[in-house]
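Contents: one structure, followed by commentary.
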Amino acid sequence: MIEVKNVHQSYGDTEVLRGVNLIIPENQVTALIGANGAGKSTLLNVITRLVSLRDGAVFLDGRDMASMKSLEIARTIGVLKQTHHISIRISIDDLVAFGRYPHSRGRLTEVDRAMIDEAIAYLRLEDIRGKYIDELSGGQRQRAYIAMVLAQDTKYMFLDEPLNNMDIHFSVEIMRILSRLVRDMGKTVVIVVHDINFAAAYADHIIAMKDGTIAAEGSADRIITKEILDDIFGFNFNIAEVAGRKVCLYFSDEPS
Ligand SMILES: Nc1ncnc2c1ncn2[C@@H]1O[C@H](COP(=O)(O)OP(=O)(O)OP(=O)(O)O)[C@@H](O)[C@H]1O
Ligand SMILES: [Mg+2]
């Protein structure tokens with residue numbers, strides 16, 4: 001379990017996380033939703049220590065992360081950032097092998113190689129695994145980065161907009177893979193997702209952010225309501241039910 005306690009974060013004078021308290025339940029898919037600029041990536045970056053915490057505390061399985069070493073954290077938490085900046089020319093194979101670094105420290109064992117092969121197969125990248133990252137389509141590149149995080153084989157996986165650039169087929173496939181990792185392998189997955197219908201369909205737990213705070217959290221049934229979504233996105237939603245699932249429609253011309 002990850003516990004976030006009274007976290008504040010600022011860039012310059014602007015406070016972008018304003019006293020966040022939350023628990024990320026184990027062995028579930030948690031979706032972080034909210035408008036652009038709500039603080040989702042900042043929260044994810046603070047929890048995974050991509051940026052250092054200004055005020056508050058994050059506990060990883062009961063331990064204050066401030067007292068943990070980077071290597072220990074990298075063996076426990078895998079992160080897919082929202083944007084990737086990679087300046088060296090490497091192949092998919094090499095990128096995915098990077099995911100093993102916290103375990104292999106650069107010397108790949110048979111186990112490491114098996115994990116790399118498995119991650120590449122999971123993301124259906126076998127046929128192009130020798131290709132360079134800068135030669136891939138946006139969706140293929142995104143899949144390669146997800147494979148890298150998968151190969152890291154951590155208990156917790158944080159993925160910031162993993163469905164970016166992904167076609168519908170792969171979006172569904174990725175969500176199924178993540179559900180399977182949770183169900184069959186005991187992982188805990190946190191994703192930032194803009195398509196609320198994906199959150200509604202695949203997340204066990206939804207955290208809705210607004211202006212640097214947690215506006216609402218709970219099961220999809222509790223969060224996917226017109227009242228909560230209209231408030232979070234400043235929009236006029238229609239919520240329908242199709243085949244027993246909640247579906248959000250957002251094509252209304254009516255003002256909110
Ligand atoms: N490195 C930075 N320096 C200054 N301000 C930043 C920085 N990163 C984010 N911010 C600001 O912090 C606020 C929260 O940004 P954040 O990236 O966490 O939002 P988000 O919810 O992930 O949005 P999006 O859906 O657009 O990715 C925004 O107002 C943003 O402009
Ligand atoms: Mg973001």
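Rule-based calculations on the coordinates, nothing more; no lab input. The structure presented is a predicted model; accordingly, all values stated were derived computationally and were not measured. For neighbour counting, all protein chains shown are included, and Cβ atoms are generated from backbone atoms with ideal geometry for every residue, glycine included.
Taking a ≥ b ≥ c as the square roots of the eigenvalues of the Cα gyration tensor, segment 104-165 is classed as oblate, since a/c reaches at least 1.5 and a/b does not exceed b/c.
In loop segments of segment 48-107 as defined by DSSP, the trypsin sites (Lys or Arg not before Pro) with at most 11 further C-beta atoms inside 10 Å of their C-beta are 69, 89, 105, 107. Remark: the chain carries a charge dipole of roughly 720 debye about the Cα centre, counting +1 on each Lys and Arg Cβ and -1 on each Asp and Glu Cβ.
Can you give the alpha-carbon Rg of segment 24-95 over 2.2 N^0.38 Å, where N counts its residues?
Working: Rg = 14.4 Å, N = 72, 2.2 N^0.38 = 11.2 Å.
Here the answer is 1.29, to two decimals.
Taking 26 Å as the straight-line reach from the Cα of residue 131, the lysines in range (excluding those fewer than 8 positions away in the same chain) are 81. Counted over the chain, the DSSP beta bridges are approximately 60% antiparallel. Here the 3J(HN,Hα) profile of segment 79-89, calculated from phi with Karplus coefficients 6.51, -1.76 and 1.60 at θ = phi - 60°, is 10, 9, 6, 5, 10, 10, 10, 10, 9, 8, 8 Hz, Gly and Pro shown as x.
Of interest is the spacing of the C-alpha centroids, which for segment 134-208 and segment 1-17 amounts to 24 Å. Angle of helix 168-185 to the longest C-alpha principal axis of the chain, folded into 0 to 90 degrees and rounded to 10: 80°.
Put simply, when 136-142, 156-162, 24-30 are sorted by average Cβ atoms within 10 angstrom per residue, most first, you get 156-162, 24-30, 136-142. The long axis of helix 110-122 is offset from the longest Cα principal axis of the chain by roughly 40 degrees. Over segment 138-239, what is the relative contact order in whole percent, taking alpha-carbon pairs under 8 Å and six or more residues apart? Once divided by the residue count of segment 138-239, the mean separation gives 19 percent. Note on segment 58-208: Rg/Rh from Cα positions, Kirkwood definition for Rh, rounded to two decimals, is 0.95.
What FRET efficiency, computed as 1/(1 + (r/R0)^6) with R0 = 30 Å and r the Cβ-Cβ distance, is obtained for residue 87 and residue 238, rounded to the nearest 0.05?
Working: r = 45 Å, r/R0 = 1.50.
Given R0 = 30 Å and the Cβ-Cβ separation, E is 0.10.
For residue 210, the aspartates and glutamates whose Cα falls under 15 Å of its own Cα, not counting residues fewer than eight places away in the same chain, are 15, 227, 230, 231. Each label was represented as a point 7 Å from its Cα along the Cα-to-Cβ direction; for residue 26 and residue 6 these points are 2.6 nm apart. Size estimate for segment 1-45 follows the Kirkwood approach: the inverse of mean 1/r over distinct Cα pairs works out to 11.6 Å.
When a/c reaches 1.5 or more, the comparison of a/b and b/c decides; with that in mind, is the chain rounded, prolate or oblate per its Cα gyration tensor? It comes out oblate by the Cα gyration axes.
Expressed in nm to one decimal, what extension gain is obtained for the pair residue 114 and residue 183 from 0.36 nm per residue of sequence separation less their Cα-Cα distance? All intermediate terms of the calculation are to be shown ahead of the outcome.
Numbers: separation 69, 0.36 × 69 = 24.84 nm, distance 2.12 nm.
Stretched out fully, the residue 114 to residue 183 stretch lengthens by 22.7 nm.
Between the helical axis of 138-151 and the longest alpha-carbon principal axis of the chain there is an angle of about 70 degrees. Taking each DSSP H run with n ≥ 4 as -39500 (n - 2.57) and averaging over every residue of the chain yields -9500 deg cm²/dmol at 222 nm.
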